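Following: one structure in structure tokens, then a few remarks.
The values are calculated or read from the model by the stated rules, or taken from the named source; none is laboratory data. None of the values given here were measured: they were computed from a predicted structure. Glycine gets a Cβ as well: all are built from the backbone with ideal geometry, and neighbour counts include every protein chain shown. Surface areas here come from the heavy atoms of the whole protein model, side chains and all, with no ligands, DNA or RNA. Shrake-Rupley method; radii C 1.70, N 1.55, O 1.52, S 1.80 Å.
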There are 2 protein chains.
Amino acid sequence: MNIYRYEENPIITPADVTPYHPNFEVIGAFNAGIAQYNGEVLMLLRVAERPISEDPQIVKAPIYNPKTQKLELIELRTDDERYDFSDPRVIRDRTGSSGFTYLTSISYIRIARSKDGHHFTIDEKPFVYPSNEQETFGIEDPRVTQMGDTYYIYFSVISPVGIGESMVSTKDFVNTEHHGMIFSPENKDVIIFPEKINGKYYALHRPTTKSIGNPEIWIAESNNLLYWGNHKHLMGLRKGMWDSGRIGGGAVPFKTDKGWLELYHGATLDHRYCMGAVLLDLNDPTKIIARSDKPVMEPDADYEKKGFFGDVVFSCGVLVEGDIVKMYYGVADTSMACAELSLQEILDSLIYV
Amino acid sequence: MNIYRYEENPIITPADVTPYHPNFEVIGAFNAGIAQYNGEVLMLLRVAERPISEDPQIVKAPIYNPKTQKLELIELRTDDERYDFSDPRVIRDRTGSSGFTYLTSISYIRIARSKDGHHFTIDEKPFVYPSNEQETFGIEDPRVTQMGDTYYIYFSVISPVGIGESMVSTKDFVNTEHHGMIFSPENKDVIIFPEKINGKYYALHRPTTKSIGNPEIWIAESNNLLYWGNHKHLMGLRKGMWDSGRIGGGAVPFKTDKGWLELYHGATLDHRYCMGAVLLDLNDPTKIIARSDKPVMEPDADYEKKGFFGDVVFSCGVLVEGDIVKMYYGVADTSMACAELSLQEILDSLIYV
């Protein structure tokens, strides 16, 4: 696979982003949803900000309070034996289950705008910020699906009651309408197809299960984009391969002569995230035509291998121009990069089932 | 609370049910959905059948194969150290996560019919049986919501890809239409309200989460009963109380002057299941008016305390006649019982919030 990584990569880093919260530092500007609007490329960045702690023995966990509409801080001592601080992203309760209790940062969505797709200017303020009880730990990993002049923006919402997927819509990237939670916990990596197929809307989604089942890709249908059903398991993990640990939808799928092409992420059990592709039937996206045997892209450049959480390439959106697939992607849970791939080469690399 | 338990209790036991599968034994006839049809009370029993093993060192796990439409058996040796057989309901993989790998029995839905609500005759054959890839480990805990002359029957579906909730509908309890999975994994204890409220259908559901969140009751809305969205967390666990470990919807809610009355189940962390009540706003069931401080009913009778999985009362449906609430309920994951309670006494027992 010939991959042209932009010379400007990473095209956005945390250093480029002014913190929105006083006494916070930006630790991530990554996993952006992609849109084209008014002749510009927009990256809907997931910006992660962490409270600065003057005392290295104190970790601060930010929590949005919807009643006061303010961010509050929980302070924990690193020698508090009830908690496990070994994962930089989360704070776990040692006495509890496998999950986490707090996040160490809060994420929201902020727009970066560009005329050429290479050089971006970042808005001063958040575009979508936590606003309700389901978003108290932040909102993460947006994707954007355009239909006509409406842009549907959906993202993971995190709070003590669970991780689900909520949606807003906009026509101007200024005003938004909030549509509530469209997929209930535990779910993330929702990807809405950009048009109706045989009279129905379709979405990929990625439930995380506790009793039985793996983090795999499902597909659902809808008549209004808000209510979803007829859930079907679409594709699973593959032992010994690049997508053996977890998979989830990545970029919004796009039409090719051969089928809907979905660039999805897959990780191994030791958390190495790559991008691969799956081709779905044009008339029935619940049918798989072909799938990547090897990753389309894997962490290789220094900025992909090193960062807040290294060895990660994670795309939430692409722009397609003829044979060129411009894949915007988060790197190492830290920054944004972009690479161009050949659509024909991706299609030729797939193994037909 | 005055509770009149029927003299005939348990009204159905596994001994009353002829196994459908040769060389299987019926180990449960419980957690029945309730309907009234053609002047009869119907119990839609969850019947659990277990393969008989001649060799006590061999455990057989039944799996439905949708391609051959037959039940297949996996045989495991009890001295196989890869597996944990300590829970009679499931077989766990010691090397894996907290979940299970196989079930020791397969459940399906079978109808018991009665003229008087006390004495039941059981159909010879299953009414709803596993039929697709999402139901290979069985279908469990049906509820029935009647709207006009259509009965919507929904139940947990279990397979290696997860536990979700699927739905069929019928007008005659002979022919059914399958509507697919209406709530994606991991979810169970779905309860659909029996009429539209302000133009929308509503359902309670109970996601089970892995990363963060507890097994608690959520509420969703729909425009067609098949697609669901606008998910909201409705009510949570209460430390130190009867519903401190897990909660889930129970009976189909019914209208009272004060609000929608939902009889729900709650369990402690050591798996003692009781029934309690919550009152929801008539015009907006996402609003809680009142809730049980103490259980409406708890395991007390011998048949409630002892069985395949003891100390369980678990209702999936009630019949209401004036002040009398006839609560049909599964006991000890084994049999069915019925008790009559006073609606006024239930309402008077609630704590208003």
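Here is how the number arises for chain B: DSSP H runs of 4 or more residues each give -39500 (n - 2.57), the sum is divided by the residue count, and the result at 222 nm is -500 deg cm²/dmol. Computed over chain A, the percent of Cα pairs more than 32 Å apart is 26. Going by accessible surface with a 1.4 Å probe and the largest first, B:E40, B:E72, B:E133 read B:E133, B:E72, B:E40. Each residue of the stretch A:124-134 was assigned a 3J(HN,Hα) from its phi angle through the Karplus expression (A = 6.51, B = -1.76, C = 1.60, θ = phi - 60°), giving 6, 10, x, 9, 10, 10, x, 9, 8, 4, 8 Hz with x at Gly and Pro. Here the stretch B:118-154 and the stretch B:47-102 have alpha carbon centers that stand 24 Å from each other. The dipole here belongs to chain B: it is taken about the Cα centre, uses +1 on the Cβ of Lys and Arg and -1 on the Cβ of Asp and Glu, and is about 800 debye. Treating r as the C-beta distance of B:D270 and B:I52 and R0 as 30 Å, the FRET efficiency rounds to 0.45.
Residues whose amide H falls under 5 Å from that of A:G117, counting only those 5 or more places apart or on a different chain, are A:V41, with hydrogens built in the peptide plane.
With the largest listed first and rounded to whole Å, the semi-axes of the equivalent ellipsoid of the stretch A:135-238 from the Cα gyration tensor are 22, 18, 10. Accessible area per residue (1.4 Å probe, heavy atoms of protein chains only) ranks A:I163, A:I74 as A:I74, A:I163, with the largest value leading.
Each other copy places its own label point for B:V174 at 6.5 nm from this one, sorted shortest first, where the point lies 7 Å along the Cα-to-beta carbon line. With its label point put 7 Å out from Cα toward Cβ, B:E25 sits 6.5 nm from the same residue's point in the other copies, in order from shortest. In the assembled protein chains, A:K258 presents an accessible area of approximately 110 Å² (probe radius 1.4 Å). Solvent-accessible area lost on pairing B with A (1.4 Å probe, both sides summed) amounts to about 3300 Å². Across q = 0.12 Å⁻¹, the stretch A:1-118 modelled as identical point scatterers on its alpha-carbon atoms has Debye log10 I(q)/I(0) values of -0.58, in the order of the q list.
Residues of the stretch B:218-235 whose accessible area (probe 1.4 Å, heavy atoms of protein chains only) drops by at least 50 Å² once all protein chains are present, relative to their chain alone: B:W218, B:N223, B:Y227, B:H231.
The amide H of B:L71, built 1.01 Å from its N in the peptide plane, has B:N65 as neighbours under 5 Å, considering only residues 5 or more places off or on other chains. The tail of the calculated P(r) for the protein assembly as shown beyond 32 Å holds 53 percent of all Cα-Cα pairs. Taking amide hydrogens as placed 1.01 Å from N in the peptide plane, the amide H of B:R246 sits under 5 Å from those of B:A267, each at least 5 positions away in sequence or on another chain. Each Lys or Arg adds one and each Asp or Glu takes one away; over the other residues whose Cβ falls under 12 Å from the Cβ of A:I3, this sums to -3.
Each copy carries a label point for A:E72 at 7 Å from Cα toward Cβ; from one copy, the others' points are 5.4 nm away, ordered from shortest. Computed 3J(HN,Hα) for the stretch B:147-158, one whole-Hz value per residue from the Karplus formula 6.51 cos²θ - 1.76 cosθ + 1.60 where θ = phi - 60°, is 9, x, 9, 9, 10, 9, 10, 9, 7, 6, 10, 10, glycine and proline marked x.
Solvent exposure of the stretch B:3-352, expressed per residue, is 38 Å² of accessible area, with all protein chains present and a 1.4 angstrom probe. For chain A, the relative contact order works out to 15 percent when only alpha carbon pairs closer than 8 Å and six or more residues apart are counted.
Working note: Karplus 6.51/-1.76/1.60 with θ = phi - 60° gives the stretch A:8-18 the couplings 6, 4, x, 7, 9, 10, x, 5, 7, 10, 6 Hz, where Gly and Pro are set to x.
The portion of the accessible surface of chain B made up by carbon and sulfur, rounded to a whole percent, is 46 (1.4 Å probe; DNA, RNA and ligands excluded). For the stretch A:59-181, the calculated P(r), taken from all Cα-Cα distances in 5 Å bins from zero up to the bin holding the longest distance, is 2, 10, 17, 19, 17, 13, 9, 7, 3, 1, 0 percent. These residues, A:M43, A:M241, go from largest to smallest accessible area, 1.4 Å probe, as A:M241, A:M43. According to the square roots a ≥ b ≥ c of the eigenvalues of the Cα gyration tensor, what is the shape class of the stretch B:201-353, taking rounded for a/c under 1.5, prolate for a/b larger than b/c otherwise, and oblate for the remainder? Judged from the Cα gyration tensor, the stretch B:201-353 comes out oblate (a/c at least 1.5, b/c at or above a/b).
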